[in-house]
Amino acid sequence: MTNFLTESEARAALDALPGIRWRPFARNDLPVIAAFYQACETHDENPERTSLASLEEFWDSPRSVPEHDTLAGCDASGDIVATAWAGCNRAVTQKRGVYLGGAVHPSRRGAGVGQAVLRWELAHGHEWDRTTRQPGYGPLVMRLGAPTAQTDVRDLAVRHGLATERYFFEMSQPLTAAAHEPTVDGVRLLDWHPERSAEVHAVVNAAFRDHWGHTDSTAEMWQEQLASHAFRPTWSVIAVDELTDEVVGAALNVAWEQDWAPQGYTEGYTDVLAVLRSHRGRGVATALLLASMRRFSVGGLDAAGLGVDAANPSGALRLCETLGYRQTASTCIHQLTRA
């Protein structure tokens, strides 16, 4: 399926589902919605879990319009049994991104609810793009992520025109005693310094421009990332050129605490690993990861983790395997792009 329903047609199809009443998320729903996603993700053995804090951050972001982009499906008792979520990124115009994040409770699957949810999400994203598009805007890019083994969702995505675009590996390794701080000729490793935040932001944007799916983040998006409940500045590391004193790389590390109980161990997670092209091949990425591991170990964590694009052009997968990381899970990104 490559032709979208109109949003009104897609909403009518949702409303026609027996025993489910649809309405936008409300902020006071978020604890219940978090529990709903926990039930779905536990059933699906999803390596990435949704936390209440992340939902609250989505809600409170000035870029979010949850009253337009979300729907909660409630049964006759008022319990949430499905969500439809098409999060439109209104801050970036280079690519008009839409995050497809709906879910259906395991007890309600197999009755066409997931198909109706996805059709509404696609229709909503397309309608948002159509009604707000201006000259010079980039393509509409709608993405859905799922565990590689979750074939029901992945088959549904493909049937609706969302091609299989990329595989990402979750990787982890146990930590032992804290190692010495690594060294790199001509490069100095520093703790996180808030006053260098703008420099690090510029380096992260520049370093990822040759990576699949990247779109430069705005200053507002960057500040949201640093203000996230998960970001751990004391675990994060900056690489600086000794001659110029310019930032050339960084490891931004986080704590996805909602994942710790399901996976059975605590873990420091390298959410962003960036090195400028001019400084690649010199061991900077290795040093940033080793320095991160040292900070995780000092913090009393059990393991170090990260996610890797299986087709990353910079050799990140090979580097991580060399350092002892091993794959623990795999997710797949499905994408539909329209100019």
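The values are calculated or read from the model by the stated rules, or taken from the named source; none is laboratory data. The shown structure was predicted, so the numbers you read here are calculated from the model rather than taken from an experiment. Cβ coordinates were reconstructed from backbone atoms using ideal geometry, including for glycine residues, and neighbour counts include every protein chain displayed.
Points worth noting:
- Qualifying residue in segment 161-175 (condition: out of contact with any Asp or Glu (no Cβ under 9 Å at 6 or more places or on another chain), modelled with pLDDT under 95, surrounded by fewer than 19 Cβ atoms within 10 Å (Cβ to Cβ) and in a loop (DSSP other than H, G, I, E, B)): no
- Qualifying residue in segment 263-286 (condition: basic (Lys, Arg) and either closer than 30 Å to residue 127 by Cα or touching a His at 6+ places or on another chain (Cβ under 8 Å) (or both)): no
- Here residue 92 fits the description: closer than 28 Å to residue 308 by Cβ and among the hydrophobic types (A, V, I, L, M, F, W, C).
- Applying the criterion of at least 1 residues that are surrounded by fewer than 17 Cβ atoms within 10 Å (Cβ to Cβ) and of a type in the set (Phe, Trp, Tyr) to the helices (runs of 4 or more DSSP H) found wholly in segment 244-331 leaves 260-263.
- From the options 51, 8, residue that is among the hydroxyl-bearing types (Ser, Thr, Tyr), more than 26 Å from residue 228 (Cα to Cα) and touching a helix residue (DSSP H, G or I) at 6+ places or on another chain (Cβ under 9 Å): 8
- Residue 104 outside the structural domain of residue 230 (by TED's automatic domain parsing), closer than 22 Å to residue 159 by Cβ and in contact (Cβ under 8 Å) with a residue 60 or more places away in the chain: yes
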